[in-house]
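Accompanying notes for the structure given below.
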Amino acid sequence: MAMQTFEDWMQSVQTTVEKALSDLLPPAHRLPESLHEAMRYAVLDGGKRVRPMLVFAAGELVNAPSPVLAYAASAVEMIHAYSLVHDDLPCMDNDVLRRGKPTVHVRYGEAGALLAGDALQSQAFVTLSRLDIDPARVFEMLRVLSEAAGASGMCGGQAIDLDSVGQTLTLPQLERMHRLKTGALLEASVFMGCLCGRFPVGEEAAALYAYAEAIGLAFQVVDDVLDATADSATLGKTAGKDAADNKPTYVSLMGLDESRALAEKLRRDAHHALSPFGGRADRLRQLADLIVQRSA
Ligand code: GRG
């Protein structure tokens, strides 16, 4: 059978995940309606769904069942959406545009956005706890996702980010911040996908760790380049914020050309890491290309 094109595969994952998210989130008409509406507004009908696609691509490598992948992918996307809602709040990045729409606090107020983010985080773990598979595997997914989201991952990176405004960071310090803030959840997406099937061991496990690390960092290097070069309409969020907020970025530390070269090197590292899988890992390779070559 001919392999589905990457575009068709992306479309089918996006459709599957959109449906799963809609089913797994509380219905908008259930009380308290404003909270449920805000949760759905934050998650549905927007975003590139890069993390869910990583879950599916990694899961397909280990023959994981699609319905299980849809739950795992939805849980990761709920955590990601919650982080965006909280990051956009006036006490953090103070932004009014996200995914081409007014941010959640603009639409539902600050308290509404805070609560919607909190509830999305809980809903992610509720979702995983409802998986009807080996409980040991569910436990491992809960551990992987909570570690990636918490103080040793995304929240820790966000704290360093907030403390770094107006500071000069060294490249290793910048890399550490991004590995936590952005990389941890992207890496977890790969591992969550693998946990939906039989997690690879030995050389293959090491290959996946190396791949996940490379794309996690590449994503942020490209994010810094796009913030400096793309416009708000293309990004669906306010462009040029890093420089306006005096934030250390790859672009401010290395310049545009070197940042682009670094992203390309990380893309090649990601491809190289997957060599033990041969052609079986082509979706993960295509996702590495997408992450580095994207324009939004
Ligand atoms: C508030 C706990 C807490 C954490 C926030 C992820 C994050 C940490 C902040 C988001 C700010 C930001 C723009 C980070 C750069 C990388 C990033 C996560 C971009 C947004 O992810 P995309 O491009 O977004 O995958 P879509 O909308 O496509 O899902």
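The values are calculated or read from the model by the stated rules, or taken from the named source; none is laboratory data. Just so it is clear, the model here is predicted, and its values are computed rather than measured. Note that we place each Cβ from the backbone using ideal geometry, even for glycine, and neighbour counts take in every protein chain shown. SASA here: full protein model, heavy atoms, side chains in, ligands and nucleic acids out. Shrake-Rupley method; radii C 1.70, N 1.55, O 1.52, S 1.80 Å.
A compact table of results
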item: Positions within region 230-239 being in a helix (DSSP H, G or I) and surrounded by 17 or more Cβ atoms within 10 Å (Cβ to Cβ), in sequence order; result: LEU235
item: Selection within region 156-206 - farther than 23 Å from LEU290 by Cβ, away from the ligand (no atom under 13 Å from the Cβ) and among the acidic types (Asp, Glu); result: ASP163, GLU203
item: Exclusive hit being open to solvent by 20 Å² or more (accessible area, probe 1.4 Å), more than 12 Å from the ligand (Cβ to nearest atom), at pLDDT 95 or above and small (Gly, Ala, Ser), set ALA111, ALA116; result: ALA111
item: Region 143-157, subset of a type in the set (Gly, Ala, Ser) and either assigned to a loop (DSSP other than H, G, I, E, B) or without any contact (Cβ under 8 Å) to a residue 12 or more places away in the chain (or both), residue surrounded by the most Cβ atoms within 10 Å (Cβ to Cβ); result: GLY153
item: Answer residue from region 276-296, given it is in contact with a helix residue (DSSP H, G or I) (Cβ under 7 Å, 6 or more places away or on another chain) and open to solvent by 40 Å² or more (accessible area, probe 1.4 Å) and is farthest from VAL201 (Cα to Cα) among those; result: SER295
item: Failed condition for ARG107, given (1) within 21 Å of the chain's Cα centre (by Cα); (2) in contact (Cβ under 8 Å) with a residue 60 or more places away in the chain; result: (1)
item: Options ASP257, ASP242, ASP227, ASP223: the member that is without any contact (Cβ under 8 Å) to a residue 60 or more places away in the chain, among the acidic types (Asp, Glu) and open to solvent by 50 Å² or more (accessible area, probe 1.4 Å); result: ASP257
